[in-house]
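**Student:** Below is a structure I'd like to ask you about.
Quick note: the coordinates plus some simple rules give every number you see, no bench work behind them. Quick caveat, the model's predicted, so the values are computed rather than measured. Ideal geometry is used to build each Cβ from the backbone, glycine not excepted, and the neighbour counts take in all protein chains shown.
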Amino acid sequence: MIVALGGFLLGFDSAVISGAVPFIKSYFLLNEIQLGWSVSCLILGAMLGNSVAGPLSDRYGRKNVLIVTSLLFAVSAVSSALATQFGFFIVARIVGGIGVGGAILIAPIYIAEMAPAEKRGQLVSFNQLNIVLGISAAYFSNYFLLEIGDNNWRWMLGVEAIPAIIYFSALFIVPRSPRWLYSHGNKLQARIILEKIGGAAYAKTCLAEIQESFDKQTTKASLNQVFKRKYGFILLIGLTIAFFQQITGINAVMYYAPTIFEQAGGGTKAAFMQAVVVGLTNLVFTLIAINLIDRLGRKSLLMVGAAGMTVALSVLGFSFNKPIEDINTVIVLISVLFYVASFAISFGPVMWVLLSEIFPNMIRGFAISIVGFFNSLVSFSVTLVFPWELTHVGPSGTFFIFGGMAFLGLLFAMFLVPETKGKSLEQIEKELIRK
Ligand code: BGC
C-alpha cells in the first residue's frame, strides 16, 4: 500500500493542472501555445523520468528511486505553487513530471518483485487503482479549492506536498526488493525479506529460482542486453502492449471527456458532471479487475476488455456519424462509460502487471525504461493529435480509428499475449526466453 501511493501521487500530479489552467492563464497572461505547454510539459518530464528510472533503480535500488520521486513530487508541488514567473513554473512542473515518469515504472516492478506469485496481479494492480484515485482526488480537491480566493491555483498545486511528504516518510519503512538485493550480492538480506513475506520454505524455493535466473547470466546488465535475440519475443510483447494501451485513445477520453460530451450536444455543465461519472466508472471497474486478475488471468481480462472497447468505440463512431441535432447523447454517454469500463478491466491494470512480470531479472530495469518511454510517447502523440483529429477527421472517423485499433489489440491479446497468472517471475522468465 505504501509503494502504491506513488500511483496516487502521479495520478494527482497529472490531473491537478486541469483545474489550475484558467487561473494560471490570467495570472501569467498566457497565449494558447504557452497554455498548451503549461499542461504538456509534464509529459516531457515524465519521458525523461521514464528513460532514467529503470537503470537507476538497477544501480541504486527500487526503493531509493521511489524516495527520490517522492521528493520530486514535494519540490514540484511547493515550487509550482510559489511561482511568480512562467519559466520557473514550467521547470517546477517538469520536475514533477520526472517524478511521474519514475514512479509509474518503478512502483509496479518493486511490487512485482515483492509479491508472492498467486497475489502478484492483484498487488500490482493496486498501483493502477491508486492512479485512478489520484486523478479523482485532484478533481475533487480542485473543486473544493476553487473559491478560496485569488491564490486558489497555488493551493490546488501546493496541497500535493502533503501526500508527497507522507510518501517520502513511509517509504523508509518498506524493505528493499529481494530480487534487487540478490543481484547486488546481498543474499542474506534477500532471504530475510522473503521469509517475512512467505516463511522459510517459501524463501528457500524463491531464492533457488532467483539464483538460477542470475547464474545463467555471464555479463552485466546493459542496454545492449535488452536487444539480444533471446529476449526478442519478450520485448515485442512489451512494446506491443504499451502501444495498444494508448493507441485506443484512453487519454484522449480522460483529458477531453467534457469536449466529447459537448460535441454530442449535451451542454457544458452536463458535460462536466458526465466527466465525473467517467472517473467513477474507471474506479469501480479497476476494483473489479483487481478482484479477477489472479483468478481469470491477464489474458482473459485483456480479451474481454479489448472486445468491449471495440464494440463501444464502433457504437461511438456510428453515433457521431449524423448531424449534431440527431446525435443521441444518452447512447454517447453509455458508450463512453462502457469504453472506460472495458479499459479499466483490461489494458489499464493488465499492462502494468504484464510489464512488471515479463522481463527477466537481469534486464528488467533497462527494459521497463524503454517500454515505459514508448508508452508515454504514444500517449503524448494521441493526446496531441486528438483535437486536430476531431476537427479534420471528425468525431465519427476518430472513434472508428480507435475502434479498429482496439480490434487489433483483441487479436494481439488472443494470439500473442502469454498467460503469467500464478507463476513465479523466474518461471515466466524461463518460458518466455524459450519462445
Ligand atoms: C495509463 C494512463 C491512463 C490511466 C487511466 C493508466 O494505466 O497508463 O495513461 O491515464 O491508466 O486510468
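**Student:** Through the Karplus equation 6.51 cos²θ - 1.76 cosθ + 1.60, θ set to phi - 60°, convert the phi angles of the range 101-115 into ³J(HN,Hα) values in whole Hz; use x for Gly and Pro.
**Tutor:** x, x, 5, 5, 9, 7, 4, x, 6, 4, 4, 4, 6, 8, 7
**Student:** Write down the radius of gyration of the range 114-263 and its Dmax, each obtained from C-alpha positions, in Å.
**Tutor:** Using the Cα atoms of the range 114-263, the pair Rg, Dmax is 21.9, 62 Å.
**Student:** How would you rank C206, C41, going from fewest to most other Cβ atoms within 10 Å of each one's own Cβ?
**Tutor:** Working: C206 25, C41 19.
Sorted ascending by nearby Cβ count, the order is C41, C206.
**Student:** I'd like to know which of S80, L416, N31 lies farthest towards the positive end of the charge dipole of the chain, counting +1 on Cβ of Lys and Arg and -1 on Cβ of Asp and Glu.
**Tutor:** About the Cα centre, the residue reaching furthest to the positive side is L416.
**Student:** Right, next: Going by alpha carbons, how many degrees (0 to 90, nearest 10) lie between the helix axis of 161-171 and the longest principal axis of the chain?
**Tutor:** So the helix axis and the longest Cα principal axis differ by about 10 degrees.
**Student:** Taking Rh as the Kirkwood radius, which is the inverse of the mean 1/r over Cα pairs, what is the Rg/Rh value for the range 37-83?
**Tutor:** 1.04
**Student:** While we're looking at this one, here's another question. How far, in degrees from 0 to 90, does helix 347-358 lean away from the longest principal axis of the Cα atoms of the chain, to the nearest 10?
**Tutor:** Taking Cα atoms only, the helix is inclined about 20 degrees.
**Student:** Now for a different question. Rounded to the nearest 500 deg cm²/dmol, what is the calculated helix-only ellipticity per residue at 222 nm for the chain, with -39500 (n - 2.57) per DSSP H run of length n ≥ 4?
**Tutor:** Rounded to the nearest 500, it is -27500 deg cm²/dmol.
**Student:** Neighbour counts of other C-beta atoms within 10 Å: give me R179, R59, R364 arranged from fewest to most.
**Tutor:** R59, R179, R364
**Student:** What list of ³J(HN,Hα) values in whole Hz, one per residue of the range 311-323 in order, does the Karplus curve 6.51 cos²θ - 1.76 cosθ + 1.60 (θ = phi - 60°) give from phi, with Gly and Pro shown as x?
**Tutor:** 5, 4, 5, 5, 4, 4, x, 5, 4, 7, 7, 7, x
**Student:** Express in % the proportion of alpha carbon pairs of the range 176-215 at distances exceeding 16 Å. Kindly include the intermediate steps, with their values, before the conclusion.
**Tutor:** Working: 145 of 780 pairs.
Within the range 176-215, distances greater than 16 Å cover 19 percent of Cα pairs.
**Student:** Mind checking which lysines have their C-alpha under 30 Å from K421, skipping anything on the same chain fewer than 8 residues away?
**Tutor:** Of all the lysines, those that pass the test against K421 - Cα under 30 Å, at least 8 places apart if same chain - are K63, K119, K187, K196, K204, K216, K220, K228, K230, K299, K430, K435.
**Student:** Give the relative contact order (percent, whole number) for the chain; include only Cα pairs under 8 Å separated by 6+ residues.
**Tutor:** Normalised by residue count, the contact order of the chain is 23 percent.
**Student:** From the phi of every residue in the range 21-33, what ³J(HN,Hα) in whole Hz does the Karplus formula 6.51 cos²θ - 1.76 cosθ + 1.60 yield, where θ is phi - 60° and glycine or proline is x?
**Tutor:** Taking θ as phi minus 60°, the curve returns 3, x, 7, 5, 4, 7, 5, 8, 6, 8, 8, 4, 5 Hz for the range 21-33.
**Student:** Something else: Show me the three semi-axes of the equivalent ellipsoid for the chain, from the C-alpha gyration tensor (sqrt of 5 times each eigenvalue), largest first, rounded to whole Å. Let's see the in-between values first.
**Tutor:** On the way: eigenvalues 259, 143, 64 Å².
Gyration-tensor ellipsoid for the chain: 36, 27, 18 Å.
**Student:** Moving to a separate point now. In bins 10 Å wide, starting from 0, what share of all Cα pairs of the range 301-403 does each bin hold, as a percent?
**Tutor:** Pair shares across the bins are 14, 34, 32, 14, 5, 1.
**Student:** Further question on the same structure: Is the shape of the range 61-160 rounded, prolate or oblate, going by the alpha carbon gyration tensor and its root eigenvalues a ≥ b ≥ c, with a/c under 1.5 for rounded and a/b larger than b/c for prolate?
**Tutor:** Verdict is oblate for the range 61-160.
**Student:** By count of other Cβ within 10 Å, fewest leading, how are M309, M414 ordered? Please report the intermediate quantities before stating the final value.
**Tutor:** Details: M309 29, M414 13.
Lowest count first: M414, M309.
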